[in-house]
Amino acid sequence: MDFSLSEEHKMIRKAASDFAQNVCKPGVIERDSDQIWPAEQVKGMADLGFLGMMVDPKYGGAGLDTLSYVIGLEEISKVDNSASVLMSVNNSLVCWGLEAFGSEEQKQKYLVPLAKGEKIGAFCLSEPEAGSDATHQRTTAVDMGDHYVLNGTKNWITNGGCASVYLVIAHTDPAKGTKGINVLIVEKGMPGFVVGKKEDKLGIRSSDTHTLLFNDVKVPKENRIGEDGFGFKFAMKTLAGGRIGIAAQALGIAAGAYELAAAYAQQRSAFNKEIIQHQAIAFKLADMATEIEAARLLVYKAAALKDAGQNYDIASSMAKVFASEVAMKTTVEAVQIHGGYGYVKEYHVERLMRDAKITQIYEGTSEVQRIVISRGILA
Ligand code: CAA
């Protein structure tokens, strides 16, 4: 088994790392404090081809593999998780779903500008009363022949304000259960579609997370993705890939916090020696490095399975549940190693600790991942 990265993957890591340090790091503390959307960083990611990394070049993408994508996400997530979640949602939840299941017209109209980063996409599944229990959607889309009439509310939608293309999951026939769910492409500006409240969050504070309201929105029939009733499967298949992205984000958060803690431990002295010379600190770093490596292997394996065309449902859930728990543990320890400095903003680790928490929640909580894993291993 060869664990080494190809020259192309190493180049992507270097490009993403340079971008994270040179473009994302300046101002990241202020953007987080004041919830400022990362406009310059989003433009930079678009210029690098990072917003449509896995999309075929004929649809405006970079045509890279999933491993390239997770490597890019990992580096950006060491620094700026508001930028990296936008990258993850645009790539995995929006571009991937459109490329895999959209019609040629939908790809030309929506995928091309999304992959180029000229437009941003959002994935709209969660509702005020249907988060983990995704089959119990309250949003409805009534079939009127040549169009649907969409009504309902979606919550906690990443890119809710900045997006202009929204993939909205809704019940068209509640009596049919999951087979009565569809996914519709909704454009910003369609009459009756309102971008609601922006959330004031614990972490990823410069990512714009909104409630979305749909009041009698007329959505043309040609905006439905796939066959009638395909919406729930679309959501599940898309989320399986999305979870690899969030796992990569969690890995990056953990690795970023570890790097900061290791550097700090080598320059801070206490009791007449650098604190890394104290076993209490050295063992913490040893555990952090070991767990990060284990998380990286799970994330890369899930990406490799996807690239090989094999089933990755369980692997992506394993990667997400493990990497997000490592992110949480590692960032807490990174703050601890920094002592009082870790508790203030300028040392970056407190922000990474706040950012880590959401990786255990969005795109399926850790509990949902364990449902997917346990059903998979027991099947
Ligand atoms: N691929 C294809 N089909 C799948 C599938 C998959 N990965 N997973 C499930 N399905 C199918 C099942 O086969 C079943 O089909 P049939 O009825 O034909 O047999 C159907 O979907 C229903 O599946 P389940 O019976 O397993 O459904 P369930 O009610 O037990 O729920 C669940 C399963 C895993 C808990 C699911 O509801 C789930 O993943 N919930 C979490 C949702 C989630 O991740 N939300 C996050 C919101 S998005 C977000 O956070 C984005 C953002 O902005 C960052």
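Looking at the range 233-317, which trypsin sites (Lys or Arg not before Pro) are DSSP coil and have at most 15 other C-beta atoms within 10 Å of their C-beta?
Within the range 233-317, the qualifying trypsin sites (Lys or Arg not before Pro) (loop, at most 15 other Cβ atoms within 10 Å) are ARG268.
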Step through the table entries LYS154/LYS221; LYS25/LYS188; LYS188/LYS221; LYS198/LYS357; LYS119/LYS197, compare each Cα-Cα distance with 27 Å, and write down the pairs that go over it.
LYS25/LYS188
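Quick check for me: using +1 on Lys/Arg Cβ and -1 on Asp/Glu Cβ, what's the dipole size of the range 245-361 about its Cα centre, in debye to the nearest 20?
140
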Solvent accessible area, Å² - THR172, 1.4 Å probe, full protein context
40
What accessible area, in Å² to the nearest ten, does a 1.4 Å probe give for LYS10?
100
On the accessible surface of the chain, probed at 1.4 Å with all protein chains in place, carbon and sulfur together account for a percent value of 55
Rg and Dmax [Cα atoms of the range 2-58; Å; Rg one decimal, Dmax integer]:
14.1, 45
Consider just the alpha-carbon atoms of the chain and return their Rg together with their Dmax, both in angstrom.
20.7, 78
Put GLU127, GLU222 in order of accessible area, largest first, probe 1.4 Å, and you get GLU222, GLU127
Show me the GluC sites (Glu not before Pro) within the range 101-141 that DSSP assigns to loop and that have at most 11 other Cβ atoms within 10 Å of their Cβ.
GLU129
If you line up the long axis of helix 366-378 against the longest principal axis of the chain, both from Cα atoms, how many degrees apart are they, to the nearest 10?
80
Cβ charges +1 (Lys, Arg) and -1 (Asp, Glu), total dipole of the chain, debye:
320
Using the Kirkwood radius built from alpha carbon pairs, what does the Stokes-Einstein equation give as D for the range 226-379 at 25 °C and 0.890 mPa s, in µm² per second?
149
Given C-alpha coordinates of the range 215-269, what is the ratio Rg to Rh with the Kirkwood estimate of Rh?
1.41
Dividing the alpha-carbon radius of gyration of the range 27-155 by 2.2 N^0.38 Å (N being the number of residues), what value is obtained?
1.19
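Where does the chain land at 222 nm, in deg cm²/dmol rounded to the nearest 500, when only DSSP H runs of n ≥ 4 count, each adding -39500 (n - 2.57), divided by all residues?
Calculated at 222 nm, the ellipticity per residue is -15000 deg cm²/dmol.
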Sequence-separation-based contact order of the chain, relative, with Cα cut under 8 Å and 6+ spacing, percent
16
If you wrap a convex hull around the Cα atoms of the range 270-325, how much volume per residue is inside, in Å³?
68
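Note the per residue figure in Å³ for the convex hull of the C-alpha positions in the range 125-255.
109
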Charge dipole (debye, nearest 20) of the range 27-96; +1 at Cβ of Lys and Arg, -1 at Cβ of Asp and Glu
200
Looking at the chain, identify the longest residue range that excludes and avoids all chymotrypsin sites (Phe, Trp or Tyr not before Pro) in DSSP loops having at most 10 other Cβ atoms within 10 Å.
4-270
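I need the calculated FRET efficiency for the pair VAL149 and GLN108, taking r as the beta carbon distance and R₀ as 22 Å, to the nearest 0.05.
Values: r = 26 Å, r/R0 = 1.17.
Plugging the Cβ-Cβ distance into 1/(1 + (r/R0)^6) gives 0.30.
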If you take the charge dipole of the range 115-269 about its Cα centre, with +1 on Lys and Arg Cβ and -1 on Asp and Glu Cβ, which of PHE230, GLY117, MET144 is farthest toward its positive end?
GLY117
Solvent-accessible area per residue, Å², over the range 1-156 with all protein chains present [probe radius 1.4 Å]
41
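The values are calculated or read from the model by the stated rules, or taken from the named source; none is laboratory data. Because the structure is a prediction, the values reported are computed rather than measured. For neighbour counting, all protein chains shown are included, and Cβ atoms are generated from backbone atoms with ideal geometry for every residue, glycine included. For accessibility, only protein heavy atoms count, side chains too; no ligands or nucleic acids. Shrake-Rupley method; radii C 1.70, N 1.55, O 1.52, S 1.80 Å.
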